[in-house]
1. Given (1) within 16 Å of the ligand (Cβ to nearest atom); (2) closer than 23 Å to Asp240 by Cα, where does Phe115 come up short, assuming only one miss?
2. Out of the residues in the range 1-16 that are among the aliphatic types (A, V, I, L, M) and surrounded by 24 or more Cβ atoms within 10 Å (Cβ to Cβ), state the one that is farthest from the ligand (Cβ to nearest atom).
3. If we only count helices (runs of 4 or more DSSP H) wholly inside the range 198-288, which ones have 1 or more residues that are at pLDDT 95 or above, open to solvent by 40 Å² or more (accessible area, probe 1.4 Å) and in contact with a Lys or Arg (Cβ under 9 Å, 6 or more places away or on another chain)?
4. Scanning for something assigned by TED's automatic domain parsing to the domain that holds Val6 and within 14 Å of the ligand (Cβ to nearest atom), does the range 82-91 turn up at least one residue?
5. Does the range 20-42 contain any residue that is more than 11 Å from the ligand (Cβ to nearest atom), out of contact with any strand residue (DSSP E or B) (no Cβ under 9 Å at 6 or more places or on another chain), under 20 Å from Pro148 (Cβ atoms) and open to solvent by less than 40 Å² (accessible area, probe 1.4 Å)?
6. Could you give me the residue pairs with C-beta distances under 6 Å whose first residue belongs to the range 230-242 and is closer than 10 Å to Ala280 by Cα, whose second residue is open to solvent by 30 Å² or more (accessible area, probe 1.4 Å) and more than 7 Å from the ligand (Cβ to nearest atom) wherever it lies, and which are 6+ apart or on separate chains?
7. If I filter the range 117-132 for residues that are of a type in the set (A, V, I, L, M, F, W, C) and out of contact with any helix residue (DSSP H, G or I) (no Cβ under 8 Å at 6 or more places or on another chain), do I get at least one hit?
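The values are calculated or read from the model by the stated rules, or taken from the named source; none is laboratory data. Since the structure is predicted, the reported quantities are computational estimates derived from the model, not experimental observations. Every residue, glycine among them, receives a Cβ derived from its backbone with ideal geometry; neighbour counts consider all protein chains shown. Surface accessibility is based on the protein's heavy atoms, side chains included, excluding ligands, DNA and RNA. Shrake-Rupley method; radii C 1.70, N 1.55, O 1.52, S 1.80 Å.
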Amino acid sequence: MKVGFVGLGIMGSAMAANLVKGGFEVTVWNRTAAKCDPLAVLGTSVAASPRETAEVSDIVFAMMATPLAVESVRDGDNGIIAGLKSGKGYVDMSTIDIETSKESARRAHEKGALFLEAPVAGSRKPAEEAQLTIMAAGDRELYDRSLPVLEKMGKKILFLGEVGNGARMKLANNLVMGGMIAAFAEGMALASQSGLDLAQLLEVLDAGALANPMFRLKGGAVAENNHFPAAFPLKHMQKDLRLALRLAEQIELPLFTTATVNELFKEAVSQGLGDFDFAAVSRAIRKR
Ligand code: NAP
């Protein structure tokens, strides 16, 4: 099967690499062309546009930063939709809103193609190790056809029904993650600034019901509060909180904690922390 991959950021570059290693014939495209080079070294072809990526592929995957980024590779003369035709598939793995995803489905269907949204949970390392959780929804036929490809990127793959359910599931997941990292950073700040040893707080957390891989993974960096190379960029977490709040508003669900956590992440972005890892929210809380 020929697969295309559009969007070679932190996640997309690792996921596309796994498709090459998995034996698929892969064609890639990225806005910043230099990010295609390491994939080309692995053996992918490099297309001149998202449209060409779709034209030469049976199924084209995309992993874009935001809803606007999805639109910019999807629409127009050089977009993915222009390269689709009957029998082809379009799988969008970006974390975006339901409306954008439904519009992608509508446009793909207009061309006689199939559409699947398939946002993922798991960060840089799980992407590199093909350990992602994939939340797919949309055309079941495309899900069945894509499964051998998705299996090269993820360890847990769910089909959630109609388009929109993947986005809903992903936003619910990330709302929990945003709240957890904010509470963690506040607990670490309180401990630090009231004179406690942070290594001991990490031990206490890890010994009880609050133990989890995220605190273990981010604990060292939050304790240092200094160096936060991006695995999951903070600006993307703020985008996810914003999209979760918008979804909650549409269904008239008050989310008090998430609204406050979103303000904290907005403050962190305004302090220039957006391109660092989301754990850098600690820097917006802890001053010492
Ligand atoms: P990233 O490293 O920031 O990469 C974003 C990608 O989108 C890049 O290919 C970038 O192209 C492209 N892009 C951004 N704006 C664009 C535009 N206007 N036109 C065309 N291309 C554009 O992000 P990432 O961490 O890989 O995340 C990608 C998606 O996965 C996001 O929706 C994120 O929320 C989600 N996600 C991320 C993680 C994680 O841990 N990183 C985990 C789960 C889900 P350039 O290279 O040219 O900038």
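1. Looking at each condition in turn, Phe115 falls short on (1).
2. Checked the range 1-16; the qualifying residue farthest from the ligand (Cβ to nearest atom) is Val3.
3. Counting at least 1 such residues, we get 198-207, 213-224, 234-250, 256-270.
4. Yes, the range 82-91 contains at least one residue that is assigned by TED's automatic domain parsing to the domain that holds Val6 and within 14 Å of the ligand (Cβ to nearest atom).
5. Yes; the residues of the range 20-42 include at least one that is more than 11 Å from the ligand (Cβ to nearest atom), out of contact with any strand residue (DSSP E or B) (no Cβ under 9 Å at 6 or more places or on another chain), under 20 Å from Pro148 (Cβ atoms) and open to solvent by less than 40 Å² (accessible area, probe 1.4 Å).
6. Ala230/Phe276; Pro233/Asp275; Leu234/Phe276
7. No: zero hits.
Conditions (1) farther than 19 Å from Thr100 by Cα; (2) outside the structural domain of Thr258 (by TED's automatic domain parsing); (3) open to solvent by less than 10 Å² (accessible area, probe 1.4 Å), marked per residue:
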residue	(1), (2), (3)
Arg124	yes, yes, no
Ala130	yes, yes, no
Ala136	no, yes, yes
Pro148	yes, yes, no
Met153	yes, yes, yes
Leu158	yes, yes, no
Met180	yes, no, no
Ala185	yes, no, yes
Ala191	yes, no, yes
